[in-house]
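All remarks here apply to the structure that follows.
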Amino acid sequence: MKVSIYGSGYVGLVTGACLADVGHHVLCVDVDESKIALLKSGGIPIYEPGLDTIVKRCIAEGTLEFTTSAEEGTAFADVQFIAVGTPPDEDGSADLQYVLAVANSIATHMDSPKIIIDKSTVPVGTADKVSAEVRRVLDERGLDIHYDVCSNPEFLKEGSAIPDFMKPDRIVIGSEDPHTIEVMRELYEPFNRNHERLVIMDVRSAELTKYAANAMLATKISFMNEISNLAERLGADVENVRRGIGSDPRIGFHFIYPGCGYGGSCFPKDVKALASTAKDIGYHAELLNAVEGVNERQKAVLLQRIKQHFGDDLAGKRFAIWGLSFKPETDDMREASSRVTIAGLLEAGATVCAYDPVASEESQRIFGDDDRIEYAADKHAATEGADALIIHTEWKAFRVPELDVLEEKLNNKVVFDGRNLYAPEELKSHGWIYYAIGRGDSVKGNS
């Protein structure tokens with residue numbers, strides 16, 4: 001099957017590469033000429049484990065191609081995926097200008113029936129807007145060409161997007177058109193062999209399913225962070241609480257790890273967008289607003305504890321930071337809590353030396369040429385001469401503390417851990433001051 005995909009960012013590129021890898025012939029379209037040139041050369045504009053190998057292999061096999069021409073993309077296939085960004089507007093709503101621009105381009109160039117698939121995360125009712133835009137342009141052209149707009153939301157986790165696509169939990173298809181459903185079933189047949197994964201529903205339900213899924217997961221995280229704050233004030237250990245409630249199969253262990261807040265391109269944006277949608281229809285989504293509010297507060301927890309320990313004036317202090325990305329196995333720093341901490345430290349007069357296995361370049365892009373921020377080649381180099389260690393991302397490389405090495409390099413035996421990586425009693429027994437999330441009073445050892 002031939003497939004055109006508009007947008008070669010995270011969703012579009014992973015979708016295109018995985019479809020091409022099972023034998024479909026995919027053409028990815030993007031207006032960014034430098035990105036397309038990079039992709040044609042076998043380069044990858046994002047970090048995602050395993051993606052570069054698949055892209056290079058599919059280019060060599062001729063199943064994956066790239067272009068900047070919307071006209072070429074429209075002519076290439078009857079199946080047209082829209083996978084462009086939907087950044088948040090100032091009011092938190094999803095900005096649909098790029099989605100509708102693609103719809104306009106498809107309608108401008110189409111001369112045969114098309115199935116147009118919304119892969120981007122979009123508000124309920126977007127398919128209607130895409131359909132109206134296509135109809136408007138076709139009417140202007142004086143053409144009556146059949147088309148159908150389908151919703152097919154993605155459920156990819158950054159860092160594990162390839163296995164998520166190749167072995168999906170479910171494949172949601174929003175359409176009531178029998179031909180569209182049959183085409184989508186054929187398209188996804190290679191990923192649907194072991195058991196039926198297709199979940200067929202109406203378009204609006206499919207659009208809401210994506211937002212509901214991310215909002216539910218974000219709710220679990222914010223709920224656990226709320227419990228962690230209670231645990232600290234009550235002298236309880238949230239790790240014991242987590243194990244106690246997670247063993248209940250109705251709750252489970254997924255997404256109940258307390259920490260310094262969620263980030264990334266999905267949860268923050270989608271919770272805000274769903275709350276904005278609720279507001280637009282006159283409904284106050286109290287829980288969604290609370291989820292966002294708890295998360296924003298949680299992002300400031302580490303900075304607050306640093307100032308409680310060292311004082312508000314951090315001039316002359318140097319801090320080591322392990323982890324910059326919002327989660328492991330990605331270089332994505334969108335809405336990352338590390339950004340809040342770094343900005344606060346710099347404002348208070350401190351300097352920073354950070355290490356992240358893949359996100360240092362992205363951090364340099366965000367913070368620019370600021371001589372108050374250094375980037376270390378490895379985790380131990382970051383701690384050299386620092387007054388404390390701050391942990392923001394639970395990369396595997398950080399899971400073993402190596403206390404003897406840290407003691408040699410840090411000026412003080414102080415750790416601020418935003419991901420609860422270590423056992424408090426172990427650090428206490430070695431004389432460390434260890435600030436974790438929701439683990440009772442801060443742990444102070446006997447130096």
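Antiparallel DSSP bridges in the range 237-440: what percent, to the nearest 5?
Bridges in the range 237-440 are about 5 percent antiparallel.
State the percentage of accessible surface on the range 79-177 attributable to carbon and sulfur atoms; use a 1.4 Å probe and exclude ligands, DNA and RNA.
Details: 1890 of 3970 Å².
Heavy-atom surface of the range 79-177 belonging to carbon and sulfur, 1.4 Å probe: 48 percent.
How many percent of DSSP beta bridges within the chain run antiparallel, rounded to 5?
On the way: 5 of 49 bridges.
Roughly 10 percent of the beta bridges in the chain run antiparallel, per DSSP.
What are the semi-axes of the equivalent ellipsoid for the range 237-440, taken as the square roots of 5 times the Cα gyration tensor eigenvalues, largest first, in whole Å? Walk me through the numbers before you get to the answer.
Details: eigenvalues 172, 95, 48 Å².
Ellipsoid semi-axes (Å, largest first): 29, 22, 15.
Around Val26, under 10 Å between beta carbons, what's the net of Lys plus Arg minus Asp minus Glu among the other residues?
Values: positive: Lys2; negative: Asp21, Glu65.
Within the 10 Å Cβ shell, the charges total -1.
Taking every pair of alpha-carbon atoms in the range 85-163, what share in percent sits in each 5 Å bin, from 0 to the bin with the longest distance?
Histogramming the range 85-163 at 5 Å steps yields 3, 15, 23, 21, 15, 12, 7, 3, 1, 0 percent.
Could you pull out the pairs from Lys56/Lys167; Lys2/Lys210; Lys2/Lys114 whose alpha carbons sit more than 19 Å apart here?
Working: Lys56/Lys167 21 Å; Lys2/Lys210 26 Å; Lys2/Lys114 12 Å.
Pairs exceeding the cut-off: Lys56/Lys167; Lys2/Lys210.
Starting from the eigenvalues of the Cα gyration tensor, five times each then square-rooted, give me the equivalent ellipsoid semi-axes of the chain, largest first, whole Å. Don't skip to the end; give the middle numbers.
Numbers: eigenvalues 387, 112, 79 Å².
Equivalent-ellipsoid dimensions as semi-axes: 44, 24, 20 Å.
Given H placed 1.01 Å from N in the peptide plane, which residues other than close sequence neighbours of Ile321 have an amide H under 5 Å from its amide H?
Cys353, Ala354, Tyr355, Ile390
What percent of all Cα-Cα pairs in the range 2-201 falls into each 5 Å bin, going from 0 up to the bin containing the maximum distance?
1, 8, 16, 21, 21, 17, 10, 4, 1, 0
When Lys and Arg each count +1 and Asp and Glu each count -1, what net charge do the other residues less than 10 Å away from Phe76, Cβ to Cβ, add up to?
-3
Taking R0 as 22 Å, what FRET efficiency do you get between Arg243 and Val400 from their Cβ-Cβ distance, rounded to the nearest 0.05?
Details: r = 21 Å, r/R0 = 0.96.
With R0 = 22 Å, the Cβ-Cβ based efficiency is 0.55.
Give the shape of the range 177-270 as rounded, prolate or oblate, defined through the alpha-carbon gyration tensor: a ≥ b ≥ c are the square roots of its eigenvalues, a/c under 1.5 means rounded, and otherwise the shape is prolate if a/b is larger than b/c and oblate if not. Display every interim value, and only then the final one.
Numbers: a/c = 3.66, a/b = 2.36, b/c = 1.55.
Note, shape of the range 177-270 comes out prolate.
What angle do you read, to the nearest 10 degrees and between 0 and 90, between the alpha-carbon axis of helix 126-141 and the longest principal axis of the chain?
With both axes taken from Cα atoms, the answer is about 40 degrees.
For Cys150, which sequence-distant residues (separation of 5 or more, or a different chain) have an amide H within less than 5 Å of its own amide H, given hydrogens modelled in the peptide plane?
Here the answer is Ile116, Ile117, Asp118, since their amide H atoms fall under 5 Å of that of Cys150.
Determine the relative contact order of the chain: mean sequence separation of Cα pairs under 8 Å and six or more apart, normalised by residue count, in whole percent.
Working: 887 pairs, mean separation 51.8, N = 447.
Reported as a whole number, the value is 12 percent.
Based on the alpha carbons, how large is the Rg to Rh ratio for the range 322-447 when Rh follows Kirkwood? Don't skip to the answer; put the middle values down first.
Working: Rg = 14.1 Å, Rh = 14.8 Å.
That ratio is 0.95, to two decimals.
Taking the Cα centre of the chain as origin, work out the dipole magnitude from +1 charges on Lys and Arg Cβ and -1 charges on Asp and Glu Cβ, in debye rounded to 20. It would help to have the intermediate numbers written out before the result.
Numbers: 47 positive and 71 negative charges, 243 e Å.
Around 1160 debye, computed over the chain.
Compute the FRET efficiency between Asp202 and Glu72 as 1/(1 + (r/R0)^6), taking r as their Cβ-Cβ distance and R0 = 41 Å, and round to the nearest 0.05.
Details: r = 33 Å, r/R0 = 0.79.
E(calc), rounded to 0.05, equals 0.80.
What does the extension gain come out to for Leu234 and Ser160, with contour length at 0.36 nm per residue minus their alpha carbon separation? Each step should come with its number before you reach the end.
Values: separation 74, 0.36 × 74 = 26.64 nm, distance 3.67 nm.
Result for the pair: 23.0 nm of gain on full extension.
Using a 1.4 Å probe on the protein chains only, how many percent of the accessible area of the range 237-440 belongs to carbon and sulfur?
Values: 4390 of 9000 Å².
With neighbouring chains kept in place, the figure for the range 237-440 is 49 percent.
Keeping all protein chains in place, calculate the accessible area per residue for the range 237-440 (probe 1.4 angstrom), answer in Å². The partial results should precede the final answer.
Numbers: 9000 Å² over 204 residues.
For the range 237-440, the per-residue accessible area is 44 Å².
State whether the range 146-226 is rounded, prolate or oblate according to the following rule on the C-alpha gyration tensor (a ≥ b ≥ c being the square roots of its eigenvalues): a/c under 1.5 gives rounded; otherwise a/b larger than b/c gives prolate, and the remaining case gives oblate. Let's see the in-between values first.
On the way: a/c = 2.79, a/b = 1.55, b/c = 1.80.
Oblate.
Which peptide among 37-44, 6-13 comes first, and what is the full order, when sorted by highest mean count of other Cβ atoms within 10 Å? Present the calculation step by step, with values, prior to reporting the outcome.
On the way: 37-44: 14.1, 6-13: 24.5.
Descending packing order for the listed peptides: 6-13, 37-44.
Per-residue HN-Hα couplings for the range 391-398, Karplus 6.51 cos²θ - 1.76 cosθ + 1.60 at θ = phi - 60°, whole Hz, x for Gly and Pro?
Ordered by residue, 3J(HN,Hα) equals 10, 10, 10, 8, 4, 4, 5, 9 Hz.
Using a 10 Å cut-off on Cβ atoms, rank the peptides 255-264, 122-131 from the highest mean neighbour count down.
On the way: 255-264: 23.5, 122-131: 19.7.
Averaged packing, sorted descending, gives the order 255-264, 122-131.
So for each of 297-305, 16-24, 273-281 I average, over its residues, the number of other beta carbons within 10 Å; can you give me the resulting order with the highest mean first?
On the way: 297-305: 20.3, 16-24: 22.3, 273-281: 18.4.
Per-residue Cβ counts within 10 Å, averaged per peptide and sorted highest first, yield 16-24, 297-305, 273-281.
Can you tell me what share of the DSSP beta bridges in the range 2-201 is antiparallel? A percent to the nearest 5 is fine. Intermediate values should be presented prior to the final figure.
Numbers: 2 of 28 bridges.
Antiparallel: roughly 5 percent of the beta bridges in the range 2-201.
With every protein chain present, what is the per residue accessible area of the range 2-201 (1.4 Å probe, Å²)?
In whole numbers, the range 2-201 has 42 Å² accessible per residue.
How many Å³ per residue does the convex hull of the Cα positions in the range 311-380 occupy?
Numbers: hull volume 6.1 nm³, N = 70.
So the per-residue hull volume is 87 Å³.
Heavy atoms only, 1.4 Å probe, whole protein assembly: order Thr351, Thr74 by accessible area, highest first.
Numbers: Thr351 45, Thr74 0 Å².
Putting Thr351, Thr74 in descending order of accessible area: Thr351, Thr74.
Where does helix 97-109 land angle-wise versus the long Cα axis of the chain, in degrees 0 to 90, nearest 10?
Compared with the principal axis, the helix lies near 20 degrees.
Can you list the lysines whose alpha carbon sits under 26 Å from that of Lys379, skipping same-chain ones fewer than 8 residues off?
Within the straight-line cut-off, Lys379 pairs with Lys157, Lys299, Lys307, Lys317, Lys327, Lys396, Lys409, Lys413, Lys428, Lys444.
The values are calculated or read from the model by the stated rules, or taken from the named source; none is laboratory data. Please read these numbers as outputs of a predicted model, since none were measured by experiment. Virtual Cβ from ideal backbone geometry, glycine too; neighbours counted across all protein chains shown. Surface accessibility is based on the protein's heavy atoms, side chains included, excluding ligands, DNA and RNA. Shrake-Rupley method; radii C 1.70, N 1.55, O 1.52, S 1.80 Å.
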